[in-house]
Amino acid sequence: MKKHLLLICTYSILLSSCILFRPATSVTTVDVESDIENAPSADLIDIARSLEGIPYKYGGTTQRGFDCSGFTSYVYQKNNATIPRTSGEQEKYAQSVRIKDLKTGDLVFFRPNKVGKVFHVALVVDNNRDGVIVIHSTSSRGVVEENITKSSYWSKKYWTGGRVYNN
C-alpha cells in the first residue's frame with residue numbers, strides 16, 4: 001500500500017511540474033522539424049533569384065519589399081523551413097561556419113565593427129575561388145546578387161557564416 005501511495009504521489013508531482021514549466025506564450029519559437037535538415041539548396045537559390053529587383057523596405061517581409069532578414073526568412077519559408085525573423089536572431093539560430101567552409105544556402109552576417117551588433121544578413125549563392133557570392137536585400141539597391149569578397153564595403157563588415165541546413 002505504501003509503495004502504491006508513493007507511486008501516486010510521485011506521478012502527481014511529475015504531472016504538476018509539467019504544468020508549472022509550460023513555455024511562455026510570448027516566446028518566439030522556430031520550426032524544429034526543419035531545423036538542420038538536408039535541404040535542396042538549389043531550390044533556395046532559385047527562390048531567392050526569382051525575387052531579384054524587389055525594392056528594399058524597412059521591416060519588409062513580402063514581395064512588396066524586403067529588409068535583409070525579411071528576405072532571408074521569406075526565402076527559407078518558401079522552401080518549407082522556418083528561421084527567426086531578425087538578422088541577430090538568425091545568427092544565434094544558425095550553426096557557425098567559417099568563411100572558407102561556406103556553402104550554397106548558408107547565411108553570412110555582417111557587423112559595423114568587432115563590437116557592434118549584427119546589422120545585415122545575406123544568403124550564400126556560391127563560394128569559390130572568385131569569392132563568396134551572395135543574394136541579399138540592400139537598402140540602396142533592393143534584392144541583388146553580388147560578390148562580397150570583392151566588395152570594398154561588405155568585405156570589411158563580414159562577421160561570420162551560419163548554416164541552417166546540412167548542405
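What to note about this one:
- With both residues required to sit in region 34-163, DSSP beta bridges show an antiparallel share near 95%.
- Pairs from Lys78/Lys114; Lys57/Lys100; Lys78/Lys156; Lys117/Lys156 whose Cα-Cα separation, in the structure shown, is over 26 Å: Lys78/Lys114; Lys57/Lys100; Lys78/Lys156
- Spherically averaged projected area in nm², based on the convex hull that wraps the Cα atoms of region 60-101: 3.4 nm²
- If the segment from Tyr93 to Lys150 were pulled out straight at 0.36 nm per residue, it would be longer than the present Cα-Cα gap by 17.8 nm.
- At 0.692 mPa s and 37 °C, Stokes diffusion of region 85-149 via Kirkwood alpha-carbon radius, µm² per second: 267 µm²/s
- Label-point separation, Ser140 to Lys57 (7 Å along Cα→Cβ), nm: 2.3 nm
- Mean shadow area of region 34-163 over all directions, Cα convex hull, nm²: 7.0 nm²
Every number here is computed from the coordinates shown, using simple stated rules; none is lab data. Fair warning: this is a prediction, and the values are worked out from it, not measured in the lab. No Cβ is skipped: glycine too gets one built from the backbone with ideal geometry, and neighbour counts run over all protein chains shown.
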